[in-house]
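Please read the structure below before turning to the comments.
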Amino acid sequence: MRQKLLIVDDEPGIVDMMVSYFSSQYEALAAYGGNDALQKLAKQPDLILLDINMPDMDGLALCRKIRELITCPILFLTARVESADKIIGFQAGADDYIMKPFDLDELGARVAAHLRREQRRRDKAAIRLFGELAIDYSARTLTVAGKPIALSKREFDIVELLSLHAGQVFDRERIYEAVWGLDSEGSSGTVMEHIRKIRAKLAAVTLHSYIDTVWGCGYRWNA
């Protein structure tokens, strides 16, 4: 079965160009705005190419909505070049930025690289149990006593990193680099907010504290 790309842009010419380019390798799905894109999510795309400037729904707002539903890579297509815009995009849940105008072959290489990374994650499929908590690294799901806990992509990435190295201490900078990437232009303070949210979600269903704070050092997974 071919992997699916969802291409979202309010400019039909750009969408049609990319659909034509990618159709030889992937199942390329077209969406000409935010509302159209939300409907297409039912097809479970493996990667989303998303324009930021759209009239019916801003790409940043759309990215946040998508992150509530699926965890596939999201690559922003934008003419914005300010660092502040990039930071906002990464915080909204984007995995990469592609500047307009872009070279189609370079875009294709970026898409392929992100898909390979996702495939490697799936290939190391495993389920680990930590008491009543179960993590399925292939399906990217977490349950406590059989109850599913909804995590965003970044939240799961943090849980994955810490739980795969239970007992090891990671400082905020190292977590940020591992989850967001070395080239991301953001703050390690973002890690604190994500861990706060993870803890709140777990605290709602279990008394066990799975993420310990090692004061002055960072965080570790408490198995």
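The values are calculated or read from the model by the stated rules, or taken from the named source; none is laboratory data. This is a predicted model, so every value here is computed, not measured. Every residue, glycine among them, receives a Cβ derived from its backbone with ideal geometry; neighbour counts consider all protein chains shown. Side chains included, ligands, DNA and RNA excluded: accessible areas come from the protein's heavy atoms. Shrake-Rupley method; radii C 1.70, N 1.55, O 1.52, S 1.80 Å.
Points worth noting:
- Qualifying residue in region 86-101 (condition: surrounded by fewer than 17 Cβ atoms within 10 Å (Cβ to Cβ) and acidic (Asp, Glu)): no
- VAL179 vs. criteria modelled with pLDDT of 90 or more and touching a helix residue (DSSP H, G or I) at 6+ places or on another chain (Cβ under 9 Å): no
- Every pair of residues 6+ apart whose Cβ atoms lie under 7 Å, when the first sits in region 187-203 and is under 11 Å from VAL159 (Cα atoms) while the second is open to solvent by less than 30 Å² (accessible area, probe 1.4 Å) and in a helix (DSSP H, G or I): HIS194/ARG154; HIS194/GLU155; HIS194/ILE158; ILE195/ILE158; ILE198/GLU155; ILE198/ILE158; ILE198/VAL159
- When each of LYS153, LYS201 is tested for being at pLDDT 90 or above, basic (Lys, Arg) and farther than 24 Å from ASP85 by Cα, the lone residue that passes is LYS201.
- Residues that are closer than 22 Å to GLU27 by Cβ, free of Cβ contacts under 8 Å to residues at least 24 places away in the same chain and not in a helix (DSSP H, G or I) within region 96-135 comprise just one, ASP96.
- Check on MET18, surrounded by fewer than 20 Cβ atoms within 10 Å (Cβ to Cβ) and more than 20 Å from the chain's Cα centre (by Cα): no
- Checked against (1) in contact with a helix residue (DSSP H, G or I) (Cβ under 6 Å, 6 or more places away or on another chain); (2) closer than 30 Å to SER24 by Cα; (3) open to solvent by less than 20 Å² (accessible area, probe 1.4 Å); (4) without any contact (Cβ under 8 Å) to a residue 60 or more places away in the chain, SER138 passes all but condition (3).
- Residues of region 158-179 that are open to solvent by 20 Å² or more (accessible area, probe 1.4 Å) and of a type in the set (A, V, I, L, M): LEU161, LEU164, ALA166, VAL169, ALA178.
- ALA28, sole failed condition from (1) open to solvent by 70 Å² or more (accessible area, probe 1.4 Å); (2) over 18 Å from the mean Cα position of the chain (by Cα): (1)
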